[in-house]
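Below: the structure, in structure tokens.
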Amino acid sequence: MDWNKLEKSIDYKFNNIQLLITAMTHKSYAYENDVESNEKLEFLGDSILEFISSKYLYNNYTKLTEGEMTKVRAEVVCEESLYEVANKHNFSDFLLVGRSERSSNGNRKMAIMADSVEAVIAAIYFDSGINKAEEFIINNLKDSIEKSSQNVGMKDHKTVLQEKLQENGNVKIEYNIIKEEGPDHDKKFTAEVKCNGRTLATGEGRTKKQAEMNAADNALKSM
């Protein structure tokens, strides 16, 4: 593995490279090779991530309420968001996974990649302290935090669609996943939204939730 390449991508040079290697070691590889996995680092990294993102929101988004900050944090500190960070730095090229996981592209699975980001956060913390860990977190999530903060007061598409459709009384609204494509690590879902049995629109997304939200958005645009 060219660990220097990964260090360059995340803009952090480890004093103890073994911390980075452990952060990239999935439990399946650890079991097969009798080495330490990244699970403990992931556990700590999750807490550090929540603390630092909370601190950043508190200091930089003073007009948000406690409830709004909680919503922004939940949207940013989530599997999808961390998966995007891992993709940005090509973590899949460096993740050490066992033979069974490797055969099913486990190094590209959303959950495994997202967990590795939390592990890297803890690895940086142990290597240099909280300030460097904070630097990594903010550099990678500040844009997502900004975007989420701008939308926090807005109702989501499904809620807006429901309100519009029920203006003249109760109606039956349902969402169905009508297509699922791609391997486990790179799924694409297609959802449809129906009102009283009539299809209003469809939408695509990398998760079922995202596909349903896009279906609702497309339905709103067509109204």
(message) Taking the condition of being at pLDDT 95 or above and part of a loop (DSSP other than H, G, I, E, B), how many residues in the stretch 1-17 meet it?
(response) 6
(request) Looking for whichever is closer than 25 Å to ASP186 by Cα and either over 16 Å from the mean Cα position of the chain (by Cα) or not in a helix (DSSP H, G or I) (or both) here; the options are SER81, SER100, SER54. Which one fits? (result) SER100
(request) Could you tell me whether the stretch 41-59 includes any residue that is in contact with a helix residue (DSSP H, G or I) (Cβ under 8 Å, 6 or more places away or on another chain), assigned by TED's automatic domain parsing to the domain that holds ASN87, buried (at least 16 other Cβ atoms within 10 Å of the Cβ) and within 23 Å of SER100 (Cβ to Cβ)? (result) yes
(request) Filter the stretch 102-141 for residues that are surrounded by fewer than 20 Cβ atoms within 10 Å (Cβ to Cβ) and modelled with pLDDT under 95 and give the result. (result) ARG102, SER103, SER104, ASN105, ALA111
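Just give me the residues in the stretch 187-216 being in contact with a helix residue (DSSP H, G or I) (Cβ under 7 Å, 6 or more places away or on another chain) and modelled with pLDDT under 90, in sequence order. Walk me through it before giving the result.
Here is the first cut: in the stretch 187-216, the residues in contact with a helix residue (DSSP H, G or I) (Cβ under 7 Å, 6 or more places away or on another chain) are 189-193, 195, 200-205, 207, 212-213, 216.
GLY205, THR207, MET213, listed by residue number.
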(message) Return the pair list, or none, for Cβ contacts closer than 8 Å from residues in the stretch 190-219 that are in a loop (DSSP other than H, G, I, E, B) to residues that are at pLDDT 90 or above and crowded, with 19+ Cβ neighbours inside 10 Å, at least 6 apart or on different chains.
(response) ARG206/PHE189; THR207/PHE189
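Which one of LYS71, LYS63, LYS147 is out of contact with any Lys or Arg (no Cβ under 9 Å at 6 or more places or on another chain), assigned by TED's automatic domain parsing to the domain that holds ILE10, in a helix (DSSP H, G or I) and loosely packed, with under 15 Cβ neighbours inside 10 Å? Step through it out loud before you land on a result.
On the way: LYS71 fails: loosely packed, with under 15 Cβ neighbours inside 10 Å; LYS63 fails: in a helix (DSSP H, G or I).
Of the residues listed, the single one that is out of contact with any Lys or Arg (no Cβ under 9 Å at 6 or more places or on another chain), assigned by TED's automatic domain parsing to the domain that holds ILE10, in a helix (DSSP H, G or I) and loosely packed, with under 15 Cβ neighbours inside 10 Å is LYS147.
Kindly indicate whether any position in the stretch 136-150 is touching a strand residue (DSSP E or B) at 6+ places or on another chain (Cβ under 9 Å) and charged (D, E, K, R). Break it down into steps so the answer makes sense when it comes.
First, pick out the residues of the stretch 136-150 that are touching a strand residue (DSSP E or B) at 6+ places or on another chain (Cβ under 9 Å): none.
Checked against the condition, which is being touching a strand residue (DSSP E or B) at 6+ places or on another chain (Cβ under 9 Å) and charged (D, E, K, R), the stretch 136-150 yields no hits at all.
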(request) Taking SER28 as the residue in question, decide whether it is in a helix (DSSP H, G or I), surrounded by 21 or more Cβ atoms within 10 Å (Cβ to Cβ) and touching a residue at least 40 places away in the same chain (Cβ under 8 Å). (result) no
(request) Test THR207 against the stated conditions and say whether it is in contact with a Ser or Thr (Cβ under 8 Å, 6 or more places away or on another chain), surrounded by 13 or more Cβ atoms within 10 Å (Cβ to Cβ) and either closer than 26 Å to GLU84 by Cα or not basic (Lys, Arg) (or both). (result) no
(request) Select, from LEU49, LEU20, LEU44, LEU95, the only residue that is in contact with a Phe, Trp or Tyr (Cβ under 6 Å, 6 or more places away or on another chain) and modelled with pLDDT of 95 or more. (result) LEU20
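The values are calculated or read from the model by the stated rules, or taken from the named source; none is laboratory data. None of the values given here were measured: they were computed from a predicted structure. Cβ: placed from backbone, ideal geometry, glycine included. Neighbour counts: every protein chain shown.
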